[in-house]
Amino acid sequence: MSTSRNRLLDHRFIINTGKGGVGKTTLSVAMAMAMARAGRRVLLFQFNVHDRVGPIFGKPPVGPEIVELAPRLFAVNTTPPDAMREYVLMTLRVRLLYRAVFENRTVARFLRMIPGLPELVMLGKAYYHEGESADGRPRFDAVILDAPATGHGMFLLQIPRVISDAVADGPMVGEAHRMAELLRDRQRTRINLITLTEEMPVNETLEYQRRLREELDIEPGGIIANSVYPTPFSATEVRQLRDLRDTLRIRTNNNHDSGERDLSSMLEAALFRDARCAMQKGYLDRLEQESGAPVIRIHHRFEPTLDAAALEFIATELSSGGSTS
Amino acid sequence: MTSLEQMLARANVLVCVGSGGVGKTTTSAVLGMHAAMNGRRTLVMTIDPAKRLANSLGIRALDHDVLPIDLRSVGGPRETLSATMLDMKRAFDEIVERQAPDPATRDAILGNRFYRFFSTSLAGAQELSASERLHDVVRSGEFDLVILDTPPTSNALDFLDAPMRFHDALDSSVVDFMANLGERVGRRGLLSGGSQLVFRTLTRFTGTELFTELGEFLHHFSSLFEGFRERTRATAALFAEPETRFVIISSPKPDTLGEARYFRERLQQLGLHLGGVVVNRVHQPFHENRFAEAAPNTLADALDTLEGADLLGRPQLLRLARKLLANAHEFDRLALSEATAIAELATEFGDGVPVLPVPLFPSDVHSIEGLDHMRKAMAQGRVSSGS
């Protein structure tokens, strides 16, 4: 299964993180599709979201119970209380005690106030499924996390805060250390920073990468630049188009022929496309230079809504390790 | 009247809401710029983390203080536009400083290691700080218009619910519970059977130290609650004034526009006022272009009439024509579905709510000149007469 050509989908535990609106969910679903297609049993793990994934597969929104959306493609949408309950039950092994203590409203509220605890138990649940076995073999071949965009996408950074800011000793510290270790384990875990090739997402991605390195000693597996325009026009063609546009401009200044206006807007659209491509290229270069990490490109899709068919295209792109142009 | 003017005309507070990545900060800056160009003393308030407004305004640093933005480079006034960045931690510090009953309590809160989490990360804390600062600035009377760029949330609705959630999280029952436990743990053995079970079970997960320290923190922190409640009521009153208007910033994607619908319903339920919708990054249509459905040959013929085209051979012209058509089709596909979705939304929202599409620009907006360019594009949108 593992090839050096595409390390993107080789890991057992994949965390997709990035700021809101960059397409984390889209890419997470496409990754899951690509893996399931390749015969692996994969769990798509979401954090307390208004689920959009179930409907893509013609199913109801995904909730806290694991469901199979397509052959070998499973999904779950966990919440802090759900994850807390599972974690505590696993540790306590006494359901009655759990009910008596943790289902108390006041206690539940108190637990929400412990810094980093919700993140910790949700990540813990995800790692549990990664190591879970059924019938003597792993239940899933891979778990993909669609990380929450809250806290400016700095979800993972909440974990060590448990240690540094709030808790000096006790089992939570042990758990937090264990999680930090797992996040650093590059054999099992791959963290992808997902971004758009635009000023602010790029700034934030580079900042996040720096903080992951400095605060968590984590080296992200790579950066995925989503929604990159394919460049249909070569540099020579762009020059030709620009020349043609310029001569047309001189002409249309003298007469207002609608045919020429239409011709002009065809040319302008091409140059518009080229300008956006050039801008994106600039940000891709910057990402590569400043991150020192591999940057994988996923092409922009011109479909108005991303249905299962469009996601299949992205899945194929991901299977081949993204575009490299 | 243009849609942009309508959006600004009746408001002295504009709250810009929307999900992440829709250009909320940039749009807030442009709205502020337009009002300032027309002579209104305007403040744009944004949220710290990404130094976004600083980016948009092309200035290096913008801090907690109110800074004037000189618009003379784009033919505007020197002093009518101001901007400020909300430093969450500092805004919350100020709340604590103002509302703590005495210096000892204030220091106990600010010095506690739980404080940073409570003031920045607990659900609703950011929104609480933002609303509080907004309230202060509006009541200062220094500005004719204040524009608030709301914290980044994955969901536009979070901003309305956040203060509620913060209060919910800090419900006094938790504080009493902690205070009780803490006090009784201090005198070992006095816990009743039930409390002892709770305490023992919880500390298996948290350790005892966390328990006692958090209890102590909450005990001090609870002295601020009455103040919080009072200020939240005051902010809620400000939000409900007819001159406070919410502007939904959206992308033209169907699911984001769907969120705008949902947001409008929530505003109506809460008796708040929707000032308009700005739909950013809209693709331009080609379907009225006579070449859109033409054969590559026809377009190549048209190109061939241009001076300089004779330098290109027929095969080259044909290849260019094919690519031009493919490019136009790709954009047109998006443009058509976007235009339909926006038109539906505008009809549904009615004449009183301007829906303003803003085109996708060839490059991103992050300079004063870029903002002015966007402003001019927005100023062209007219309010349609009739539905």
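The values are calculated or read from the model by the stated rules, or taken from the named source; none is laboratory data. Since the model is a prediction, treat every value here as computed from it, not as a measurement. Heads up, the Cβs are rebuilt from the backbone with ideal geometry, glycines too, and the neighbour counts pull from every protein chain shown.
Some observations on this one:
- Test: residue in the range B:245-257 that is within 18 Å of the chain's Cα centre (by Cα), farther than 30 Å from residue A:300 by Cβ and buried (at least 20 other Cβ atoms within 10 Å of the Cβ): yes
Rundown of residues vs (1) more than 30 Å from residue A:70 (Cβ to Cβ); (2) part of a loop (DSSP other than H, G, I, E, B), yes/no style:
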site	(1), (2)
A:247	yes, no
A:265	yes, no
A:286	yes, no
A:297	no, no
A:304	no, yes
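- Taking first residues from the range B:312-327 that are at the interface with chain A (Cβ under 8 Å from one of its Cβ atoms) and partners that are surrounded by fewer than 18 Cβ atoms within 10 Å (Cβ to Cβ) and outside any helix (DSSP H, G or I), the Cβ contacts under 7 Å between residues at least 6 apart in sequence or on separate chains come to B:323/A:232; B:326/A:232; B:327/A:232.
- Count - residues of the range B:91-107 that are more than 27 Å from the chain's Cα centre (by Cα) and basic (Lys, Arg): 1
- Test: residue in the range B:276-292 that is part of a helix (DSSP H, G or I) and touching a residue at least 12 places away in the same chain (Cβ under 8 Å): no
- Filtered residues of the range A:113-151 (kept if in a helix (DSSP H, G or I), away from chain B (no Cβ under 14 Å) and either of a type in the set (Val, Ile, Thr) or free of Cβ contacts under 8 Å to residues at least 12 places away in the same chain (or both)): A:131
- Enumeration of residues in the range B:258-270 that are crowded, with 21+ Cβ neighbours inside 10 Å and either closer than 12 Å to residue B:282 by Cα or among the aromatic types (Phe, Trp, Tyr) (or both): B:263
- Total residues in the range A:29-65 satisfying the condition of being assigned to a loop (DSSP other than H, G, I, E, B), in contact (Cβ under 8 Å) with a residue 60 or more places away in the chain and either more than 27 Å from residue A:137 (Cα to Cα) or not basic (Lys, Arg) (or both): the figure is 4.
- Taken together, B:217, B:263 contain a single residue that is in a helix (DSSP H, G or I), within 30 Å of residue B:118 (Cα to Cα) and outside the structural domain of residue B:116 (by TED's automatic domain parsing), which is B:217.
- Any hit, the range A:230-237, residues being modelled with pLDDT of 90 or more, within 11 Å of chain B (Cβ to nearest Cβ), over 30 Å from residue A:19 (Cα atoms) and outside any helix (DSSP H, G or I): yes
- Residue B:343 vs. criteria in a helix (DSSP H, G or I) and out of contact with any strand residue (DSSP E or B) (no Cβ under 6 Å at 6 or more places or on another chain): yes
- For residue B:199, the conditions (1) over 30 Å from residue B:105 (Cβ atoms); (2) more than 18 Å from the chain's Cα centre (by Cα) all hold with the exception of (1).
- Total residues in the range A:283-316 satisfying the condition of being farther than 24 Å from residue B:254 by Cα and touching a residue at least 12 places away in the same chain (Cβ under 8 Å): the figure is 12.
- Filter pass, residue B:306 being part of a loop (DSSP other than H, G, I, E, B), not assigned by TED's automatic domain parsing to the domain that holds residue B:28 and not β-branched (Val, Ile, Thr): yes
- Among the residues of the range B:97-120, those that are modelled with pLDDT of 85 or more and either crowded, with 20+ Cβ neighbours inside 10 Å or outside the structural domain of residue B:368 (by TED's automatic domain parsing) (or both) comprise B:100, B:109, B:115.
- Of the residues making up the range A:63-94, those that are farther than 20 Å from residue A:119 by Cβ and not small (Gly, Ala, Ser) are A:65, A:66, A:67, A:68, A:69, A:71, A:72, A:73, A:74, A:92, A:93, A:94.
- Subset tally (residues that are out of contact with any Ser or Thr (no Cβ under 7 Å at 6 or more places or on another chain) and either facing another protein chain (nearest Cβ under 10 Å) or among the hydroxyl-bearing types (Ser, Thr, Tyr) (or both)) for the range A:265-313: 18
- Unmet criterion (only one of (1) closer than 22 Å to residue A:116 by Cβ; (2) at pLDDT 90 or above; (3) surrounded by 19 or more Cβ atoms within 10 Å (Cβ to Cβ)) for residue B:92: (2)
- Of everything in the range B:9-24 that is surrounded by fewer than 24 Cβ atoms within 10 Å (Cβ to Cβ) and not in a loop (DSSP other than H, G, I, E, B), the residue that is modelled with the highest pLDDT is B:13.
- Looking only at the range A:78-112, and only at residues there that are over 22 Å from residue A:46 (Cα atoms) and of a type in the set (A, V, I, L, M), the one that is nearest to the other protein chains (Cβ to nearest Cβ): A:101
- Verdict on residue B:140 being surrounded by fewer than 16 Cβ atoms within 10 Å (Cβ to Cβ), modelled with pLDDT of 70 or more, over 26 Å from residue B:80 (Cβ atoms) and not β-branched (Val, Ile, Thr): no
- In the range B:115-152, the residues that are under 14 Å from residue B:224 (Cβ atoms) and more than 21 Å from the chain's Cα centre (by Cα): B:115, B:118
- Of the residues in the range B:249-256, at least one is at the interface with chain A (Cβ under 9 Å from one of its Cβ atoms), more than 30 Å from residue B:103 (Cα to Cα), not in a helix (DSSP H, G or I) and not basic (Lys, Arg).
- Any hit, the range B:331-339, residues being modelled with pLDDT of 95 or more, part of a helix (DSSP H, G or I) and of a type in the set (Gly, Ala, Ser): no
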